[in-house]
1. Of the residues that sit in the stretch 220-250 and are loosely packed, with under 15 Cβ neighbours inside 10 Å and more than 24 Å from the chain's Cα centre (by Cα), which one is farthest from the ligand (Cβ to nearest atom)?
2. Is it true that some residue in the stretch 248-261 is touching an Asp or Glu at 6+ places or on another chain (Cβ under 9 Å) and charged (D, E, K, R)?
3. Show the residue pairs that are 6+ apart or on different chains and have beta-carbon atoms under 7 Å apart, the first residue being within the stretch 206-226 and at pLDDT below 85, the second being part of a loop (DSSP other than H, G, I, E, B) and more than 10 Å from the ligand (Cβ to nearest atom).
4. Using the structure shown, decide if F284 is under 30 Å from T191 (Cα atoms), of a type in the set (F, W, Y) and in contact (Cβ under 8 Å) with a residue 40 or more places away in the chain.
5. Kindly provide the set of residues from the stretch 183-210 that are hydrophobic (A, V, I, L, M, F, W, C) and more than 10 Å from the ligand (Cβ to nearest atom), ordered by number.
6. So which of A122, A71, A92 is crowded, with 24+ Cβ neighbours inside 10 Å, under 17 Å from the mean Cα position of the chain (by Cα) and not assigned by TED's automatic domain parsing to the domain that holds D249?
7. Looking at (1) buried (at least 17 other Cβ atoms within 10 Å of the Cβ); (2) under 28 Å from T331 (Cα atoms), which is the only condition Y82 fails?
8. With the requirement that a residue be over 21 Å from T119 (Cβ atoms), in contact with an Asp or Glu (Cβ under 9 Å, 6 or more places away or on another chain) and buried (at least 20 other Cβ atoms within 10 Å of the Cβ), what does the stretch 140-193 give you?
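The values are calculated or read from the model by the stated rules, or taken from the named source; none is laboratory data. Keep in mind it's a predicted model, so treat the numbers as computed, not measured. As a convention, Cβ positions derive from the backbone with ideal geometry for all residues, glycine included, and neighbour counts pool all protein chains shown.
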Amino acid sequence: MSDDSAQRLLGWFRSTARELPWRTPFPRDPYAVLVSEVMAQQTQLERVVPAFRGFLERFPSVQVLAAAEVADVLRAFSGLGYYRRARLLHRAACGITERGAWPTTFEGLQALPGFGPYTAAAVTAFAFGGSEPPVDGNVARVTARLGALPLKLGSGPLLQQGRLLADALFADAGTPQVWEALMELGATVCTPSRPRCGLCPLASDCAGLRAGTPTAFPLARTQRARERQRWAVLWLERPDGSVLLRRVDHGPLLAGLWLPPFAVLAEGASARDAARDLARQSGFDPPLTQAATVKHSITHRDIRVLPFVGATPDTRVGEAREGSSWQQPLTPAVGVSSLLAKLARACAGHKAPRLPAEREE
Ligand code: SF4
């Protein structure tokens, strides 16, 4: 890096940075930093911005969030996926509220539940003037390319190199905005597969570009093997368009969210039989027709979801069982997985088999 690298990076950021609701002058509100950083992890910003605004309207302070039901917090994360983050955010709010005040140091925040090293560094850097730089995947990628470092993404050595680069830039710039600029560079210019080096303010410093192979850095992390699953889903509709949902009460990823009744199918098991069993467990046995298969991924699982559509005029079906609810699938009043909207599209207009007409006396 050269003497003016930090200033070039800052100048680029100040003239091109995206306007985001949490990008306010330093020092920032730690609660807004926390919510934005947690929401932005592994989620596209177009989806994060409206969710962030809605979240702060619903939970305007860390105290309000701590006092909320986890189910309400999950609902505010509806459609963002990675619901583990919603639970961590709630735990973090509870930890801060129990303590009575925000810790203002990296170590103090990291000691609280719900705070990993990245989140603790981001909150202390942007809200309390902390000196621990936040190093996310974007910073790690830029670091590896600038130095042509053959290090694995997510590895400790690359994280350490990222910290050294961030420290050096901060020493020259004197503002944590340079860290934000580095993250922005990775998110918008030095992207994973197609870096736009012609627009990069650090191009003259970049060993990866000089070598002609910037995308060779960093080395890919070892991929966890993906698991394939098949699910049978019961899509049971009432005449008003509402659909039977159940609260998922198991598993670390979906627990607390609401979905139509579903069953994970064993190898060779009949999806139709499983859907019929789900209907009977709901106290109902309608004719079912199969709608289009939906593809859905949850972390390392690729799931083929096989929906079976049935209709019922009986408003009591399913209500007797705790954790059941009839909801409009596109405007549910409970926290749902993004799978629900996919299923609604697959089942929309799909004619549920008519029930036999009731015989008149
Ligand atoms: S020159 Fe290209 S590869 Fe190097 S940091 Fe900039 S965008 Fe990334």
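1. If we take residues in the stretch 220-250 being loosely packed, with under 15 Cβ neighbours inside 10 Å and more than 24 Å from the chain's Cα centre (by Cα), then P239 is farthest from the ligand (Cβ to nearest atom).
2. Taking the stretch 248-261 and keeping what is touching an Asp or Glu at 6+ places or on another chain (Cβ under 9 Å), we get 255-256.
The next check asks that each one be charged (D, E, K, R); those that pass are none.
Among the residues of the stretch 248-261, not one is touching an Asp or Glu at 6+ places or on another chain (Cβ under 9 Å) and charged (D, E, K, R), which makes the answer no.
3. So the pair list comes out as R221/L153; R221/G154; R224/H300.
4. Values: under 30 Å from T191 (Cα atoms): no; of a type in the set (F, W, Y): yes; in contact (Cβ under 8 Å) with a residue 40 or more places away in the chain: yes.
Criteria not met by F284.
5. Keep residues of the stretch 183-210 that are hydrophobic (A, V, I, L, M, F, W, C), which gives 183, 185, 187, 189-190, 197, 199-200, 202-203, 206-207, 209.
M183, A187 - these are the residues of the stretch 183-210 that are hydrophobic (A, V, I, L, M, F, W, C) and more than 10 Å from the ligand (Cβ to nearest atom).
6. A92
7. Y82 satisfies all of (1) buried (at least 17 other Cβ atoms within 10 Å of the Cβ); (2) under 28 Å from T331 (Cα atoms) except (1).
8. L146
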